[in-house]
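Reading through the structure tokens given below for one structure.
The values are calculated or read from the model by the stated rules, or taken from the named source; none is laboratory data. Only a predicted model underlies this, so the values are computations on that prediction, with no experimental measurement involved. Cβ coordinates were reconstructed from backbone atoms using ideal geometry, including for glycine residues, and neighbour counts include every protein chain displayed.
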Amino acid sequence: MPIRITIDALGESIVDRTLLGVENRLDDMTPVWDELDSVLSRASVRQFASQGAHGSGGWQPLAPSTLARKAAAGHDHRILHATRRLRQSLTNRDHGEHLYIGQPHQMIWGTLVPYARHHQDGDGVPRRRVIQLPESARRQAVKVMQQGILEGVGLR
């Protein structure tokens, strides 16, 4: 049976690929997860810096009332940057709300910021996918895993 690589973001599949020929040889992919964490974090940096254009075509602009409220509070005017909490949780591994768990056969990556899901799904707020990889980043994520396997990382 082939190995299926899936990356789910807040309940949404963003990578779903299949690797052939290694199914009976994989043992521990933990060494590969650090590099994959870096790939996902770099993609998140670009997603926030581009206000969603990098992976999801751009986030819906802020309402004039939101811009006025942010200006009055002295907050960053960019979308999803008022406190930078969500951005930092996805781009900074040392942030207390960055979610990264590397186990032999799976990696869990994301954010512990509770309102992230609302933005990802558009639940009560305009949908602004904070975790969305363009095809180039998806290929890079799979390449990192394939290279780790080819170099013998994770093989028994």
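Among residues of the stretch 141-156 that are of a type in the set (Lys, Arg), none has a Cβ under 8 angstrom from a residue that is at pLDDT 85 or above and in a helix (DSSP H, G or I) at a sequence gap of 6+ or on a separate chain.
Screening the stretch 134-156 for residues that are assigned to a helix (DSSP H, G or I) and at pLDDT below 80 and picking the one that is surrounded by the fewest Cβ atoms within 10 Å (Cβ to Cβ) gives LEU150. For ALA82, the conditions (1) among the aliphatic types (A, V, I, L, M); (2) in contact with a helix residue (DSSP H, G or I) (Cβ under 7 Å, 6 or more places away or on another chain); (3) in contact (Cβ under 8 Å) with a residue 40 or more places away in the chain are fulfilled apart from (3).
How about the stretch 12-42: which of its residues are modelled with pLDDT of 75 or more, small (Gly, Ala, Ser) and exposed (fewer than 15 other Cβ atoms within 10 Å of the Cβ)? SER13, SER38 - these are the residues of the stretch 12-42 that are modelled with pLDDT of 75 or more, small (Gly, Ala, Ser) and exposed (fewer than 15 other Cβ atoms within 10 Å of the Cβ). The criterion of being assigned to a helix (DSSP H, G or I) and over 15 Å from the mean Cα position of the chain (by Cα) holds for VAL32. Cβ-Cβ distances below 8 Å connect no pair with a first residue in the stretch 44-66 that is assigned to a loop (DSSP other than H, G, I, E, B), a second residue that is exposed (fewer than 14 other Cβ atoms within 10 Å of the Cβ) and among the aromatic types (Phe, Trp, Tyr), and a separation of six or more residues or different chains.
Quick test for you: out of VAL113, VAL125, pick the one residue that is outside any helix (DSSP H, G or I) and closer than 17 Å to ASP8 by Cα. The conditions single out VAL113.
Is it the case that GLY102 is in a loop (DSSP other than H, G, I, E, B) and either closer than 17 Å to VAL15 by Cβ or free of Cβ contacts under 8 Å to residues at least 60 places away in the same chain (or both)? No; evaluated as a whole, the condition is false for this residue.
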